[in-house]
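Below is one structure; the comments refer to it alone.
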Amino acid sequence: MAGVAGRLARRWCSGALRSPLQVTRFPALQLHVCGPAMRASQKDFENAMNQVKLLKKDPGNEVKLKLYALYKQATEGPCNVPRPGVLDFINKAKWDAWHALGSLPKETARQNYVDLVSSLSASSESSGQVTPAADRKQPGSDALVVTSQDGITTITLNRPDKKNALTPQMYHDIMLALEAASKDDSAITVLTGNGDYYCSGNDLTNFTDIPPGEVEERARSGAVLLRDFVDCFIDFPKPLVAVVNGPAVGISVTLLGLFDVVYATDRATFHTPFSHLGQSPEGCSSYTFPKMMGPSKATEMLVFGKKLTAREACTQGLVTEVFPDSTFQKEVWVRLKAYSKLPPNAMRISKQVIRNREKEKLHAINAEESSILQERWLSDECMNAIVNFLSKKAKL
Ligand SMILES: CCCC/C=C/CC(=O)SCCNC(=O)CCNC(=O)[C@H](O)C(C)(C)COP(=O)(O)OP(=O)(O)OC[C@H]1O[C@@H](n2cnc3c(N)ncnc32)[C@H](O)[C@@H]1OP(=O)(O)O
């Protein structure tokens, strides 16, 4: 917990407020939080610090100064450090805001901080999410945000500027988050993305900077990572829901076959350009896709790389339901909140009855797909495709 909250606090204390006129950009994520608690606990406070990170709208410098001051007061007590020099405008503004709180007790500052964040979150464009789970092990980077509220644990891919492409760190963090979610007291777990994309699949720059003698070893360790990662989805014991907030590519599409329910905005598309990339299907899609849509539709997607619209994906059984983009977040979270009130043990057991029939098979398929992909990563076709992507990126 301290990791994300601490990073946030450090950002506020140091870099984010570079000039009184500069606006810090916050990643877009719809959210909605509980009303103010009567007495904020340390956990509420930490949750609030995480929520600040997910605010859709920049709250403006005045509010940021207030948040800064309340944070300092709540954690360090009254301001008794010397006032920065007159020309140090930013630190002086921060000091003034903190100093203005006088001898406000730490507990009150903590409460005020939580209330302020809550009001900011509620006024932000909202869906039905989010209170970060303060008691869980937080992922190792800001690229993943894990929250828990109303019996729902939500894992959000948070790399919107890279269309939520998955780095090795993110694969590890998702595994950790799933492990924690399998044991927490939530009834349902959700995976979603922040920004306009759900996920653009494997980060293709993962293939760069590999010293010549280490290519085979990287392919081998990549296959181990892939296998472990997909195994976590196969074994996940609770209802797992994908809230597909935008286009999905590669592994983020194939994995959908291992989710229990997939809700998509009508803006989403589903694309698995494996042949174009010299690669082959993973995420058990070589089994789940033909099973759900029939072999020829699966071939169009997985072999020819046909991109499906959300409605087509729904017709093919990959998506459970499609919602208009304008009401997507609202409708989906209302639905999920209602489901999360169902008896959790019954849901867990029912899921397992369904999944257990095929678990062994899915693990075997995952192992086979991972090993085939390991070979593919070493192929000229794959190398050329990656070089192509990177040179377009570098505008070569
Ligand atoms: C160890 C486990 C391995 C599991 C293997 C899985 C296989 C796969 O997942 S295969 C699928 C791989 N993904 C792709 O091929 C998608 C590549 N990206 C794109 O085609 C496009 O970026 C896009 C269609 C997703 C979006 O296009 P758009 O024009 O709207 O935006 P861009 O300007 O291209 O993207 C913005 C920014 O994001 C970077 N980016 C996007 N996707 C990826 C990615 N998959 N890997 C790395 N970087 C990505 C893109 O380069 C841009 O970055 P810059 O602003 O720095 O140029």
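General observations
- Residue list for the stretch 304-350, restricted to those being open to solvent by 70 Å² or more (accessible area, probe 1.4 Å), of a type in the set (Val, Ile, Thr) and under 25 Å from the mean Cα position of the chain (by Cα): 320, 334
- Within the stretch 307-355, the set of residues being in contact with a strand residue (DSSP E or B) (Cβ under 8 Å, 6 or more places away or on another chain) and part of a loop (DSSP other than H, G, I, E, B) comprises 307, 316, 318, 319, 320, 324, 325, 340.
- Qualifying residue in the stretch 227-249 (condition: in a loop (DSSP other than H, G, I, E, B) and basic (Lys, Arg)): yes
- Verdict on residue 289 being open to solvent by less than 20 Å² (accessible area, probe 1.4 Å), within 13 Å of the ligand (Cβ to nearest atom), over 27 Å from residue 148 (Cβ atoms) and not in a loop (DSSP other than H, G, I, E, B): no
- Residue match in the stretch 227-249 (condition: open to solvent by 10 Å² or more (accessible area, probe 1.4 Å), touching a Cys at 6+ places or on another chain (Cβ under 9 Å) and near the ligand (Cβ under 10 Å from one of its atoms)): yes
- Answer from 63, 86, 52, 114 - the residue that is more than 24 Å from the chain's Cα centre (by Cα) and touching a residue at least 24 places away in the same chain (Cβ under 8 Å): 63
- Condition broken by residue 373, with the remaining ones in (1) over 18 Å from residue 276 (Cβ atoms); (2) near the ligand (Cβ under 10 Å from one of its atoms); (3) at pLDDT 95 or above satisfied: (1)
- Odd one out for residue 164, checked against (1) part of a loop (DSSP other than H, G, I, E, B); (2) at pLDDT 90 or above; (3) open to solvent by 20 Å² or more (accessible area, probe 1.4 Å): (3)
- Listed by first and then second residue, the pairs linking a residue in the stretch 145-156 that is touching a residue at least 12 places away in the same chain (Cβ under 8 Å) and at positive phi to a residue that is open to solvent by less than 10 Å² (accessible area, probe 1.4 Å) and β-branched (Val, Ile, Thr), with Cβ atoms under 8 Å apart and 6 or more places separating them unless they lie on different chains, are 151/188.
- Residue within the stretch 186-205 that is closer than 26 Å to residue 382 by Cα, in a helix (DSSP H, G or I) and either in contact with a strand residue (DSSP E or B) (Cβ under 9 Å, 6 or more places away or on another chain) or open to solvent by 20 Å² or more (accessible area, probe 1.4 Å) (or both) present: yes
- Sole residue being over 30 Å from residue 205 (Cα atoms) and over 27 Å from the mean Cα position of the chain (by Cα), chosen from 387, 353: 353
- Apart from one condition, residue 296 fits all of (1) under 29 Å from residue 383 (Cβ atoms); (2) open to solvent by 10 Å² or more (accessible area, probe 1.4 Å); (3) of a type in the set (Gly, Ala, Ser); the exception is (1).
- Conditions (1) more than 13 Å from the ligand (Cβ to nearest atom); (2) closer than 21 Å to residue 163 by Cα; (3) open to solvent by 20 Å² or more (accessible area, probe 1.4 Å): number failed by residue 261: (2)
- Failed item, numbered, when residue 210 is tested on (1) within 14 Å of the ligand (Cβ to nearest atom); (2) open to solvent by 10 Å² or more (accessible area, probe 1.4 Å); (3) assigned to a helix (DSSP H, G or I): (3)
The values are calculated or read from the model by the stated rules, or taken from the named source; none is laboratory data. No experiment lies behind these values; they were computed from the predicted model shown. Don't worry about glycine lacking a Cβ; one is built from the backbone with ideal geometry, like all the others, and counts go over all protein chains shown. Just the protein is used for accessible areas: all its heavy atoms, side chains included, with ligands, DNA and RNA removed. Shrake-Rupley method; radii C 1.70, N 1.55, O 1.52, S 1.80 Å.
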